[in-house]
1. State yes or no: is B:Gly250 on the phi > 0 side of the Ramachandran plot and open to solvent by 40 Å² or more (accessible area, probe 1.4 Å)?
2. Regarding region B:181-198, can at least one residue be identified that is open to solvent by 20 Å² or more (accessible area, probe 1.4 Å), without any contact (Cβ under 8 Å) to a residue 40 or more places away in the chain, closer than 21 Å to B:Gly111 by Cβ and assigned to a strand (DSSP E or B)?
3. Let me confirm something: among B:Gly86, B:Gly100, B:Gly52, which residue is on the phi > 0 side of the Ramachandran plot and touching a Lys or Arg at 6+ places or on another chain (Cβ under 8 Å)?
4. Looking only at region C:66-91, filter to residues that are assigned to a strand (DSSP E or B) and of a type in the set (Lys, Arg); which one of those is farthest from the other protein chains (Cβ to nearest Cβ)?
5. For A:Leu66, state whether it is of a type in the set (A, V, I, L, M), touching a residue at least 40 places away in the same chain (Cβ under 8 Å) and either over 24 Å from A:Leu156 (Cα atoms) or open to solvent by less than 10 Å² (accessible area, probe 1.4 Å) (or both).
6. Among the numbered criteria (1) open to solvent by less than 80 Å² (accessible area, probe 1.4 Å); (2) modelled with pLDDT of 95 or more, which single criterion is violated by A:Val242?
7. Of all residues in region C:99-126, how many are of a type in the set (Ser, Thr, Tyr) and more than 25 Å from C:Thr240 (Cα to Cα)?
8. Out of curiosity, is C:Asp37 within 23 Å of the chain's Cα centre (by Cα), under 29 Å from A:Cys45 (Cβ atoms) and not hydroxyl-bearing (Ser, Thr, Tyr)?
Amino acid sequence: MSTQIHPTSIVSKHANIGINCKVGAFTSIGDNVEIGDETEIGSYCEIGIDFGILEDKPLTIGPDSLIRSGSIFYLGSKFGKGLRTGHRVTVREGVLAGEGLQIGTLSDLQGHCTIGDYVRLHSNVHIGQKTDIGNFVWIFPYVVLTNDPHPPSGELIGCKIEDYVAIATMSTILPGSVIGRGALVGAMTLVRGSIPEDSIVIGMPGKVIGPTDKIRFKKDGKPVYPWRRHFHRGYPEEITQVWKNEFPDG
Amino acid sequence: MSTQIHPTSIVSKHANIGINCKVGAFTSIGDNVEIGDETEIGSYCEIGIDFGILEDKPLTIGPDSLIRSGSIFYLGSKFGKGLRTGHRVTVREGVLAGEGLQIGTLSDLQGHCTIGDYVRLHSNVHIGQKTDIGNFVWIFPYVVLTNDPHPPSGELIGCKIEDYVAIATMSTILPGSVIGRGALVGAMTLVRGSIPEDSIVIGMPGKVIGPTDKIRFKKDGKPVYPWRRHFHRGYPEEITQVWKNEFPDG
Amino acid sequence: MSTQIHPTSIVSKHANIGINCKVGAFTSIGDNVEIGDETEIGSYCEIGIDFGILEDKPLTIGPDSLIRSGSIFYLGSKFGKGLRTGHRVTVREGVLAGEGLQIGTLSDLQGHCTIGDYVRLHSNVHIGQKTDIGNFVWIFPYVVLTNDPHPPSGELIGCKIEDYVAIATMSTILPGSVIGRGALVGAMTLVRGSIPEDSIVIGMPGKVIGPTDKIRFKKDGKPVYPWRRHFHRGYPEEITQVWKNEFPDG
């Protein structure tokens, strides 16, 4: 099987599309785009938007990726293998992301941010510029990561989200916040400042109410966090094996 | 008048489209889709998306429906007559919905949920999997119904929203919550647990502050709730007649 | 250079498009649309939607505008020069807006509202009908301006947002609120009632915690607000000159 490009799509001769790829109907792919092998791009996407100043900055999508329909990617970003998006995501320039990133439907990455490996953004997540996200982070629907400490101002101070953090639905993270490794942000929480590792923060304004290890499953009393103890769905075998060795009793 | 399909649209020969329908420009309709009579589908829609495991599960849209432009429906859901959507809604597989459902612009139904008759979802509402919504429910903009009690986990515990409930803007409903018939959730409320019938819940965390019948119109002192006392716009005559008989003084 | 219309776009013969304009791929422009000179309309837009009752109400887009891809405008609204939108905005009928309006990606204007000059709406802002927004207002992501005091009801009481107000991320403004000139609404605030000029309101429910002039830049101790003291990016020279004269020490 070779690459299939729908006849209604508009693909630049200067785009570099790998083997065994698929491009859907009514999709536009511009110059200076590199799409890795075995990647599927849905219908109604715009891949490689340039607003005149990005022309020498490629957009690179790693192999084995899936970009669902209606999604928009600007030039000037780079994604590792196995990117998966929902529908109608918007990704501005200057994103540097690792492997296995998931971006949910309608999520909006404002660009100029770094994202580690196997990060999962659910639907309608908003990532401000200058955000720094580690590895294995989860961000749930309608979470906003902000960056302007004095809106509106010219200052931009991004948030730092460390490895294994989970941020629940509808939370807002204020500029310059640092959420420590493994911390849990409860739903509808307003986070400001530094949150210690493996701690729970909830409320408005957010308060640290204790360590995550006090949260237990009802069924067996085992700790819920770190979530990598028990939640392995969709991660590569070589990663989940490390987690299983780290927590042999799950 | 017979069915009009815009020449730029891509409609499967295996789709079953009723009489007097209209399909807009640049719209895609896949196999195994059934569209009822007198239905209009706007431009830029994708109707009947299959990601490889849904092929034998039809998408059924009842007659007299209106799907506005840019909307996405997966295979494997069923909607009664009179469905109306805003623009760019996303509807995943496994939705079983009654008559007269309204889905506002940008709303995101994650699938695998049940929805009764004459439910109205305003703009940008997010419905998690396993949600169970009754009849005549109203959900206002930016409300999220969640389902994961320990994010991220494999457990999914949907919310139950009973008949005539109204959930105001920007509220988050935590997994497993049950909102009793006729209850009112105030704007920006975080709901957890069971909310009694005909009660008002507000705040973060949400607290029940009394029965809905203490809310009165300023103009005449009559009770505002149950809202079916006075609000009848857009419901069928046979339904509003029942409501008028139930509340003869409005 | 004359106007360039992409061959895949569908432009009504009855649309009136100015000189040196550009219309992207797969875009639809209907009857009774007036587009000013030097305006660019991206791909996948629907400009001039009519649902049968707007046919004699034109949509007017001022010159020097930029409508990014996937945006939807109904007939029956008017925008001054220099409109700029993000991607996939939705603008219903009855919007009367001044010059230099910015509407961020995914924002949703429900129509029947007035907006002054140089208003900036960031991503995913929701403006209910009957809203009245002054000049030089900033509204940040995921803010909702509501209008129904007794949801659901037939009453609609819009919010009034006066000149120079800044409303931070994820706030909800309740029906009939009046936010005074120069006030600052903190992130995740629920506003009800009248907020005095140049005051700060934060929290849930929102409380006025003092005047904005108590907020100072760390670097030099100068007041942050009114923000026009120091923030001038993207405003016309004749406006920023007035601000510089008003605050000669920045």
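The values are calculated or read from the model by the stated rules, or taken from the named source; none is laboratory data. Fair warning: this is a prediction, and the values are worked out from it, not measured in the lab. Using ideal geometry, Cβ is built from the backbone for each residue, glycine included, and neighbour counts are taken over all protein chains shown. All accessible areas refer to the heavy atoms of the entire protein, side chains included, with ligands and DNA or RNA removed. Shrake-Rupley method; radii C 1.70, N 1.55, O 1.52, S 1.80 Å.
1. no
2. No: region B:181-198 contains no residue that is open to solvent by 20 Å² or more (accessible area, probe 1.4 Å), without any contact (Cβ under 8 Å) to a residue 40 or more places away in the chain, closer than 21 Å to B:Gly111 by Cβ and assigned to a strand (DSSP E or B).
3. B:Gly100
4. First, pick out the residues of region C:66-91 that are assigned to a strand (DSSP E or B): C:66-67, C:72-74, C:78-79, C:84-85, C:90-91.
Next, only the ones that are of a type in the set (Lys, Arg) stay: C:78, C:84.
On the way: C:Lys78: 21, C:Arg84: 11 Å.
Ranking the candidates gives C:Lys78 first.
5. No: the conditions fail for A:Leu66.
6. Unmet condition: (1).
7. Of the residues in region C:99-126, 2 are of a type in the set (Ser, Thr, Tyr) and more than 25 Å from C:Thr240 (Cα to Cα).
8. No: the conditions fail for C:Asp37.
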